[in-house]
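The values are calculated or read from the model by the stated rules, or taken from the named source; none is laboratory data. A quick note: this is a predicted structure, and the numbers were derived from the prediction, not measured. Ideal geometry is used to build each Cβ from the backbone, glycine not excepted, and the neighbour counts take in all protein chains shown. SASA here: full protein model, heavy atoms, side chains in, ligands and nucleic acids out. Shrake-Rupley method; radii C 1.70, N 1.55, O 1.52, S 1.80 Å.
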Amino acid sequence: GQSLEQPSEVTAVEGAIVQINCTYQTSGFYGLSWYQQHDGGAPTFLSYNALDGLEETGRFSSFLSRSDSYGYLLLQELQMKDSASYFCAVRMNRDDKIIFGKGTRLHILP
Amino acid sequence: DSGVTQTPKHLITATGQRVTLRCSPRSGDLSVYWYQQSLDQGLQFLIQYYNGEERAKGNILERFSAQQFPDLHSELNLSSLELGDSALYFCASSALGLVETQYFGPGTRLLVL
């Protein structure tokens, strides 16, 4: 079956750096996306990787290694407002379904 | 505000009933996606439409159907509702149907009693 694995919870300190990992087992791969979702809110797109390497957008970066079926989201200079759930998602082919991980809840300590 | 609108915000109905959820994409976006989010199943992709045509299908139940109209708004129809259909239903849109640029609406919270 198709699956994405990510840690259920991660805790970090304000101002620090945190990495959220995502490993996938899918029959195809078109791209890996990351979303942020605050409690009671809608998911917000953060980042996308289709090719190996690092993509940087402000305090957020995302990395992909297709040979390892692995990616991660890196959050720098953590702020209290970054406390949220983070989901990775894989689209297997251009016109195929999208599989989501179960989400990682990020707790930030002052 | 993502620019994607969904109505209604909340819906309470009984088992066996039928409901319609509506989504208006961001201006200019041709693609609409529907998702279901429940506590035990997480975020599940249901279906995608691009410019009126079905583009991709996820684990959408046969009791559920969707369509995208010429003005690009979309409706998700849920019929013969069961208790387990209680969930948040999100709509998202993107310009070119590319997964990396999806913008989510605020969601419709469905409660089946």
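Please list, ordered by first then second residue, the pairs with beta carbon atoms under 8 Å, 6 or more apart or interchain, first in the range B:20-44 and touching a residue at least 60 places away in the same chain (Cβ under 8 Å), second among the basic types (K, R) and open to solvent by 20 Å² or more (accessible area, probe 1.4 Å).
Note: pairs meeting the criteria are B:S31/B:R55.
Among the β-branched types (V, I, T), more than 17 Å from A:M92 (Cα to Cα), open to solvent by 40 Å² or more (accessible area, probe 1.4 Å) and touching a residue at least 40 places away in the same chain (Cβ under 8 Å): does that describe A:V13? Quick ask: steps written out before the conclusion?
On the way: among the β-branched types (V, I, T): yes; more than 17 Å from A:M92 (Cα to Cα): yes; open to solvent by 40 Å² or more (accessible area, probe 1.4 Å): yes; touching a residue at least 40 places away in the same chain (Cβ under 8 Å): yes.
In short, yes.
Residue by residue, here is whether (1) touching a residue at least 12 places away in the same chain (Cβ under 8 Å); (2) within 14 Å of another protein chain (Cβ to nearest Cβ); (3) over 19 Å from B:Y35 (Cβ atoms); (4) surrounded by 15 or more Cβ atoms within 10 Å (Cβ to Cβ) holds:
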{"site": "A:S8", "(1), (2), (3), (4)": "yes, yes, yes, no"}
{"site": "A:G53", "(1), (2), (3), (4)": "no, no, yes, no"}
{"site": "A:S61", "(1), (2), (3), (4)": "yes, no, yes, yes"}
{"site": "A:G71", "(1), (2), (3), (4)": "yes, yes, yes, yes"}
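Filter the range A:73-110 for residues that are of a type in the set (S, T, Y), away from every other protein chain (no Cβ under 11 Å) and part of a strand (DSSP E or B); which is surrounded by the most Cβ atoms within 10 Å (Cβ to Cβ)?
Here the answer is A:Y86.
Pick from the range A:20-39 the residues that are more than 20 Å from A:I108 (Cα to Cα) and open to solvent by less than 30 Å² (accessible area, probe 1.4 Å): which of them is farthest from the chain's Cα centre (by Cα)?
Only one residue fits best here, namely A:G28.
With A:G15, A:G41 as the choices, which residue is farther than 11 Å from A:F87 by Cβ and out of contact with any strand residue (DSSP E or B) (no Cβ under 9 Å at 6 or more places or on another chain)?
Unique residue meeting the criteria: A:G15.
Which condition breaks for B:L110 when tested against (1) in a strand (DSSP E or B); (2) at pLDDT below 95?
(2)
Yes or no: B:I12 closer than 28 Å to A:S85 by Cβ and part of a loop (DSSP other than H, G, I, E, B)?
Against the criterion (closer than 28 Å to A:S85 by Cβ and part of a loop (DSSP other than H, G, I, E, B)), B:I12 does not qualify.
Would a scan of the range A:72-85 turn up a residue that is modelled with pLDDT under 95 and either over 28 Å from B:Y49 (Cα atoms) or of a type in the set (D, E) (or both)? Don't jump to the end; show me each part of the working.
Of the residues in the range A:72-85, the ones modelled with pLDDT under 95 are none.
No.
Could you check how many residues of the range A:40-51 are open to solvent by less than 40 Å² (accessible area, probe 1.4 Å) and more than 9 Å from chain B (Cβ to nearest Cβ)?
Residues in the range A:40-51 being open to solvent by less than 40 Å² (accessible area, probe 1.4 Å) and more than 9 Å from chain B (Cβ to nearest Cβ): 1 in total.
Tell me yes or no: at least one residue of the range B:97-110 is of a type in the set (D, E, K, R), farther than 23 Å from A:N93 by Cβ and either away from chain A (no Cβ under 14 Å) or touching a Phe, Trp or Tyr at 6+ places or on another chain (Cβ under 9 Å) (or both).
The answer is yes, given that some residue of the range B:97-110 is of a type in the set (D, E, K, R), farther than 23 Å from A:N93 by Cβ and either away from chain A (no Cβ under 14 Å) or touching a Phe, Trp or Tyr at 6+ places or on another chain (Cβ under 9 Å) (or both).
Could you check, for the range B:67-76, whether at least one of its residues is small (G, A, S) and surrounded by 17 or more Cβ atoms within 10 Å (Cβ to Cβ)?
Yes: the range B:67-76 contains one or more residues that are small (G, A, S) and surrounded by 17 or more Cβ atoms within 10 Å (Cβ to Cβ).
Taking B:F64, is it farther than 22 Å from A:N49 by Cα and open to solvent by less than 20 Å² (accessible area, probe 1.4 Å)?
Working: farther than 22 Å from A:N49 by Cα: yes; open to solvent by less than 20 Å² (accessible area, probe 1.4 Å): yes.
Yes.
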